[in-house]
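K.L.:
I am attaching a structure below and will ask some questions about it afterwards.
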Amino acid sequence: MGTTEQALDWVRQHGVSERSFGGALEEFFKTQANRIARQAENFHGLTPETARILFHADEEHDRMMGIVRRNLWYLAMQAAEESLRPLTDSKSFTDEPWYKPDSYFGQVPDDVRQAVLAQMREMSEQPYWRRIQDEVFSDLTAVIEQGIADEISLNALAKRIRFELGEQRGGKRARLIARTETTGALNAGHHAAMGHLAQSGILTGKEWASLLDNDTRQSHVDLNGQQVSAGADFSVGGYAAPFPGHWSLPAAERANCRCTVLSVLAV
């Protein structure tokens, strides 16, 4: 598969994956808002401290991360499997000891699986995930304080919580997270597979590919088409990263990124 075909396949894969993950996150935030709203309906004596009683950040974080880990692992494994096609299309592929066509992701070698798991573990431990629930708590506090100022009923407050935290801000939050983290997960899967392809002599390097439109950062436009060796980093706005969307990058070089890393194959 040439780089043009890889780039087109990326656009399709990213769109489908982003919608799937975004839908799961949006449902989480709606369920979260509904859970908090039900508690608010039965609460007595609203004060500015009510949010701390209604909202349990650690529990909410754990719930969210269960969804995040499950979805992003699946996306990364899909991407790894896709990147391995130059190997799996070869005649000797079925002779490999790890080939298990009837199992889940049975065409993905064990070393690639372990690389994906390591990447996803590192990703899920990043501090920005906990900041998401800090933002939800701030939103909840603002809704409650405004409700107190407006002297609304508990039922009316519950409706505001469902709307503000679930339908309005939750939807926006889910879409931003989904686009950013889908890019990171898919590229993590591609990159994990590249290590195996390089060892097999099929891959000689990797190429940064940007989706060029008015939303693309100039630093990413400048990187479009740049090739490096499989184990090397790209310089992304002055920051070293192995692929687009890597969690070590600052938000200014990561949020809403839709770039990908392509395999440069031996001719």
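K.L.:
Kindly express, to the nearest 10 degrees and within the range 0 to 90, the angle between helix 110-124's C-alpha long axis and the longest C-alpha principal axis of the chain.
P.N.:
Around 30 degrees separate the two axes.
K.L.:
What residue among 150, 111, 139 has the largest mean-square fluctuation in a Gaussian network model of the chain, using Cα springs under 10 Å?
P.N.:
150
K.L.:
Roughly how big is the chain's charge dipole about its Cα centre, with Cβ charges of +1 (Lys, Arg) and -1 (Asp, Glu), in debye to the nearest 20?
P.N.:
Details: 28 positive and 36 negative charges, 66 e Å.
Computed charge dipole of the chain: roughly 320 debye.
K.L.:
Within the set of other residues whose C-beta is less than 14 Å from the C-beta of residue 233, count the net charge using Lys and Arg as +1 and Asp and Glu as -1. Write down the numbers at each step before the final one.
P.N.:
Numbers: positive: 206; negative: 207, 253.
My count for the surroundings of residue 233 gives -1.
K.L.:
Right, here's the next one. Taking a cut-off of 17 Å between Cα atoms, list the aspartates and glutamates near residue 30, but don't count ones fewer than 8 places away on the same chain.
P.N.:
Within reach: 41, 59, 60, 62, 134, 135, 139, 164, 167.
K.L.:
Going by C-beta contacts inside 10 Å, put 144, 132 in order with the fewest on the left. Walk me through the numbers on the way to the answer.
P.N.:
Numbers: 144 24, 132 20.
Taking fewest neighbouring Cβ atoms as first place, the list is 132, 144.
K.L.:
Could you work out the relative contact order of the chain? I mean the mean sequence separation of Cα pairs under 8 Å and 6+ apart, divided by the number of residues, in percent.
P.N.:
26 percent
K.L.:
Enter the angle in degrees (range 0 to 90, nearest 10) between the Cα long axis of helix 128-150 and the first principal axis of the Cα atoms of the chain, meaning the one along which they spread out most.
P.N.:
20 degrees
K.L.:
Sort 191, 196 so the one with the fewest other Cβ atoms within 10 Å of its own Cβ comes first.
P.N.:
196, 191
K.L.:
Students often get this wrong, so try it: which of (i) 1.01; (ii) 1.27; (iii) 1.07 is Rg/Rh (Cα atoms, Kirkwood Rh) as calculated from the structure shown?
P.N.:
So the structure-derived entry is (iii).
All of the numbers you see were taken from the coordinates with simple rules; none came from a lab. In this text, all values refer to a predicted model and were calculated from it rather than measured experimentally. Methodologically, a virtual Cβ is constructed for each residue, glycine included, from the backbone with ideal geometry; neighbour enumeration extends over all protein chains shown.
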